[in-house]
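Trainee: Input: one structure, supplied below.
What follows is calculated from the coordinates using simple rules that are stated; it is not laboratory data. The structure presented is a predicted model; accordingly, all values stated were derived computationally and were not measured. Positions of Cβ are generated from backbone atoms using ideal geometry, with glycine treated the same way; all protein chains shown enter the neighbour counts.
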Amino acid sequence: MGRCHKVSHVQPVYRSFGYGGLSAILDLSTVLALLFLLAPVVIVIVISFSADSYLQFPPSGFSVRWYANFFVGDPTWVHAARKSFVVATSTAIIATVLGTLVAIPLARGGLRGHSMIEALLLSPLIISPMITAVALYGFFAGVGLIKSIFALILGHSILALPYAVMNVSVSAKALDPRLEQAAMGLGARPVYVFRRVTIPLLAPGIIAGAFFAFLASFDEVVIALFLSGLDPTLQKRMWDDIRLEINPTVAAASTVLVAVSLVAFSAAILLQRFLARRIAVSAARDDS
Amino acid sequence: MAAPAVIFLAGLFVLPVGQFLLGSLFDPAFTLKHYERLAESRAFLVVIENTVRISATVTLASLLLGYPVAFRITTFNPRLAALTLLALVLSVWISLLVRNYAWMVLLGREGLLSAGLLRFGLIDQKQSFLYNEFAVILAMTHVLLPFMVIPIVAAMRSIDPSLIRAAEGMGARPLAVLRRVVFPLSLPGAATGCVLVFILALGFFVTPAIIGGRGQIMVAMLIEGEVNEQLNWGYAAAYATTLLVLTLAIFAVFHRRFGMQRLWGGATK
């Protein structure tokens, strides 16, 4: 209800900005900003279908030869993609479990050291990833885990955790505590309430958080440079190529990465909406 | 229930980072030699200057481009506003390496810019526009712009509409409302965006490393070089400590003035 109230009143107030020269400037800068953000990526996608053996725009012809090279020609690419997928999936699981557990008390408030915990969760995003990467490199070398895939998964989980927390928090803040109280009142044990009431109600945030945690790992470069050992992730594989020469296979790899981002991002947003609506519908049904 | 996450971060983040940074002071006994070398190093001073200069320029560019966009999003109808914000957030979730690579494709010798300028006779032969400060600032602004826009939109949306209605009711023109009501009340959002973009820019590695030239070496590149090439962890830790202290100092000033709560909304996309 609060939201409807706000929207209906903000609109007419700002309407006076809808006309005149000011509005044209605002429109222009918005269109330019969106072009600036998205057009370069679109150009990479177009060029990945180039038939030329070096990168030029516009391409002289179109082909899928660089995709053939990515998927079949050079097996190191698919190998790297597979490793990235395994690492990102494991990261998503760890970050989502830890993130859900910490997001619930954070959202409910009254937690001791609340702001300290928030600062701790946020700090890996604020501190330069290079500091984190080098520190973890030294740390895992010390405990003999440097060549292990676990080192990379744990490193990525540190960066992915805040995204999980953020998304679960949104659902946790919207959770009506009376639903849990009702279940307890009917004699359900706390663990049962957690499993059958709390978790299903938080599902939209948990699932969205898992997808974002997956992407945070899948697209991460700096920690992967130090912790992927001799067996590179897709990002590390791309980095090695970019530093040597501008090779069109990188454009095909980029398009694959953009596709993964689009799928994970849309899945997160759509599932979140779908599950939230389902919860709202069942809540409305219970009310009547 | 908060314990597992706290223990996880304490053991695998705070401990390793602390251990690494303390390496700048112990070798193995307490020493200040790493910081002494750092203080005497002309090259380090240049790199710090590069880092601050590039970060400040990127912050300014993001603010100038981002502020009007944020205001437009606030005044759009809800559907268009949601769509524009979605496009902004989506761009954040596209791999940073891909977004940087896109600029290499556009600005390189065989790229669109070179071909276009050649066709219009503005240059005589194909030319690369990479490996200079302009390219680095362009590519970094590309990555960081959404972090500027989102907090400003949040601040503008939280302005009490009755203040704007009151100003309009008393005869203020749109431009006056913008200048006297919306602008001052949006400043905390702009400050959040600036701090966020600046802090994130300070720690950048990938963009200056692949798009920058010799004049764009930033602190994170120095840390990488000490660890990977010089194998000197003490100096790497001294560089890292300097970068961290710089970051935390800006963060602390911001926290005192505005509180940290705001950063949550911005930093986590």
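Trainee: Run the paramagnetic zone check for residue A:42: 7 angstrom along Cα to Cβ, then residues of region B:63-96 with backbone nitrogen under 17 Å.
Mentor: B:83-92, B:94
Trainee: Using a 10 angstrom Cβ neighbour count of at most 12 plus a DSSP loop assignment to flag exposed chymotrypsin sites (Phe, Trp or Tyr not before Pro), which longest range of chain A is free of such sites? Don't skip to the answer; put the middle values down first.
Mentor: Values: sites that count: A:19, A:54.
Segment A:55-288 is the longest.
Trainee: Give the aspartates and glutamates whose C-alpha is closer than 12 Å to that of residue A:147, dropping any in the same chain fewer than 8 places away, or say none.
Mentor: Answer for residue A:147, where 12 Å is the Cα cut-off: A:231, listed by chain and number.
Trainee: Another question about this same structure. Starting from the Kirkwood Rh over alpha-carbon pairs, what translational D in µm² s⁻¹ does chain B have by Stokes-Einstein at 20 °C and 1.002 mPa s? Spell out each step's value before the answer.
Mentor: Working: Rh = 21.3 Å.
Taking Rh from Cα pairs, D becomes 101 µm²/s.
Trainee: When only DSSP loop residues count, what chymotrypsin sites (Phe, Trp or Tyr not before Pro) in region B:178-249 have their Cβ near at most 14 other Cβ atoms within 10 Å? Walk me through the intermediate numbers first.
Mentor: On the way: sites: B:198, B:204, B:205, B:233, B:235, B:239; in loops: B:204, B:205.
Those that pass, being in a loop and sparsely packed, number zero.
Trainee: Now for a separate question. For residue A:50, what residues show an amide H to amide H distance below 5 Å, using hydrogens built from the backbone and excluding near sequence neighbours?
Mentor: Amide H neighbours of residue A:50: A:63.
Trainee: Report, in whole Å, the centroid distance computed from the Cα atoms of region A:142-165 and region A:79-140.
Mentor: 8
Trainee: Can you tell me, using C-alpha contacts under 8 Å and at least 6 residues apart, the relative contact order of chain A as a whole percent? Kindly include the intermediate steps, with their values, before the conclusion.
Mentor: Numbers: 303 pairs, mean separation 73.7, N = 288.
So the answer I get is 26 percent.
Trainee: GNM, chain B, Cα, under 10 Å: largest mean-square fluctuation among B:123, B:210, B:137?
Mentor: B:123
Trainee: Cα atoms only: what Rg and Dmax, in Å, come out for region A:59-105?
Mentor: 18.2, 58
Trainee: Please name which of A:264, A:175, A:45 has its Cα lying farthest along the dipole of chain A towards the positive end, using unit charges on Cβ (Lys, Arg +1; Asp, Glu -1) and the Cα centre as origin.
Mentor: A:175
Trainee: What list of whole percents do you get for P(r) of region A:177-249, with Cα-Cα distances grouped in 5 Å bins up to the one holding the largest distance?
Mentor: Per 5 Å bin, starting at zero, the Cα-Cα P(r) for region A:177-249 comes out as 3, 14, 15, 11, 9, 8, 7, 8, 7, 7, 5, 3, 2, 0 percent.
Trainee: Local charge sum around residue B:221 (other residues, Cβ-Cβ under 12 Å, Lys/Arg +1, Asp/Glu -1)? It would help to have the intermediate numbers written out before the result.
Mentor: On the way: positive: B:214; negative: B:224, B:226, B:229.
Once all neighbours under 12 Å are counted, the net charge is -2.
Trainee: Here is a follow-up. If you scale each eigenvalue of the Cα gyration tensor by 5 and take the root, what three semi-axes come out for region A:113-153, rounded to whole angstrom and sorted largest first? Could the numbers behind the result be given before it?
Mentor: Values: eigenvalues 121, 26, 14 Å².
Over the Cα atoms of region A:113-153, the semi-axes work out to 25, 11, 8 Å.
Trainee: Give me a comma-separated list of calculated 3J(HN,Hα) values for region B:61-77, in order, Karplus coefficients 6.51, -1.76, 1.60 applied at θ = phi - 60°, integers in Hz, x for any Gly or Pro.
Mentor: 4, 5, 5, 5, 7, x, 4, x, 5, 4, 5, 4, 4, 5, 9, 4, 5
Trainee: Related question: Determine the dipole magnitude for region A:176-288: charges of +1 sit on the beta-carbon of Lys and Arg, -1 on that of Asp and Glu, nothing else is charged, the reference point is the Cα centre, and the result goes in debye to the nearest 20. Before the final figure, lay out the partial values.
Mentor: Numbers: 11 positive and 10 negative charges, 116 e Å.
Roughly 560 debye, rounded to the nearest 20.
Trainee: Looking only at Cα atoms, what is the convex hull volume of the protein assembly as shown per residue, in Å³? If you can, show how the numbers build up before the last one.
Mentor: Numbers: hull volume 101.9 nm³, N = 557.
Residue-normalised Cα hull volume stands at 183 Å³.
Trainee: Where does region B:1-51 land on the Kirkwood hydrodynamic radius, alpha-carbon pairs, in angstrom?
Mentor: Details: mean 1/r = 0.0746 Å⁻¹.
Evaluated over region B:1-51, this radius sits at 13.4 Å.
Trainee: Also, quick follow-up: Pick from A:22, A:111, A:227: which residue has the top mean-square fluctuation in a GNM of chain A where Cα pairs under 10 Å get a spring?
Mentor: A:22
Trainee: Next question, about the same structure. Against the empirical 2.2 N^0.38 Å scaling, what ratio does the C-alpha Rg of region A:37-165 come to?
Mentor: Values: Rg = 20.6 Å, N = 129, 2.2 N^0.38 = 13.9 Å.
Computed over Cα atoms of region A:37-165, the ratio equals 1.48.
Trainee: So what does the Cα-only Debye profile of region A:68-287 read at q = 0.08, 0.12 Å⁻¹, as log10 I(q)/I(0), no solvent term?
Mentor: -0.36, -0.73
Trainee: I've got another one for you. How big is the dipole moment of chain B about its Cα centre under a simple scheme where the beta carbon of each Lys and Arg is +1, that of each Asp and Glu is -1, and everything else is neutral? Debye, nearest 20, please. The partial results should precede the final answer.
Mentor: Values: 20 positive and 12 negative charges, 217 e Å.
The dipole magnitude comes to about 1040 debye.
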